[in-house]
Each structure stands twice: as structure tokens, then as C-alpha cells.
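To start, the structure under review is shown below, and the notes come after it.
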């Protein structure tokens, strides 16, 4: 679970990614939760999340190709 917190003494929760839960049951769909503290930078949060997920998937693909 990835979290974004303010970089100050409060460490206020700004956003959190919840991956798919429930391997054997229906569970919950993956989702990005943004608190009211993150609404002012919502665009940046979403764009950064999409970018990082794309990089993560590319790295996984490259690692799988390197192993085979």
C-alpha cells in the first residue's frame, strides 16, 4: 500500500493507494484515496500516480524478459 504524507512535522495523510484485496473472494477493486488535504494538488497526485504505475509495470516487464 503506497501512501503520500505531508513533508512537515504533522505528516498529514494526503493520498493512499489501495491495491486489489481479496484473493479468493470478490474483495475491493484497487483505488486511489485522496484526503481533503490533497484536493489542492489533485491533478499532480493523479498524474504522478499514473506515471509511477506505468514505470512499475515497465520495470516488471523488463525484469521478466531479462530472466527468460
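The values are calculated or read from the model by the stated rules, or taken from the named source; none is laboratory data. In this text the structure is predicted, and so the values were computed from the model without any measurement. Note that each Cβ is placed from the backbone with ideal geometry, even for glycine, and that neighbours are counted across all protein chains shown.
Restricting the stretch 24-40 to residues that are in a helix (DSSP H, G or I) and free of Cβ contacts under 8 Å to residues at least 12 places away in the same chain, the residue that is nearest to residue 12 (Cα to Cα) is 36.
For the stretch 1-23, give me each residue that is part of a loop (DSSP other than H, G, I, E, B) and within 9 Å of the chain's Cα centre (by Cα).
Looking only at the stretch 1-23, we keep the residues that are part of a loop (DSSP other than H, G, I, E, B), and these are 1, 6-12, 19-23.
Answer for the stretch 1-23, where residues must be part of a loop (DSSP other than H, G, I, E, B) and within 9 Å of the chain's Cα centre (by Cα): 1, 19.
State yes or no: is residue 32 at pLDDT 90 or above, in contact with a helix residue (DSSP H, G or I) (Cβ under 9 Å, 6 or more places away or on another chain) and surrounded by 10 or more Cβ atoms within 10 Å (Cβ to Cβ)? Yes.
Looking at residue 44, is it at negative phi, modelled with pLDDT of 95 or more and either assigned to a helix (DSSP H, G or I) or loosely packed, with under 12 Cβ neighbours inside 10 Å (or both)? Walk me through it before giving the result.
Values: at negative phi: yes; modelled with pLDDT of 95 or more: yes; either assigned to a helix (DSSP H, G or I) or loosely packed, with under 12 Cβ neighbours inside 10 Å (or both): yes.
Judged against the criteria, residue 44 is a match.
When residue 60 is tested against (1) touching a helix residue (DSSP H, G or I) at 6+ places or on another chain (Cβ under 7 Å); (2) exposed (fewer than 11 other Cβ atoms within 10 Å of the Cβ), just one condition goes unmet, and that condition is (1).
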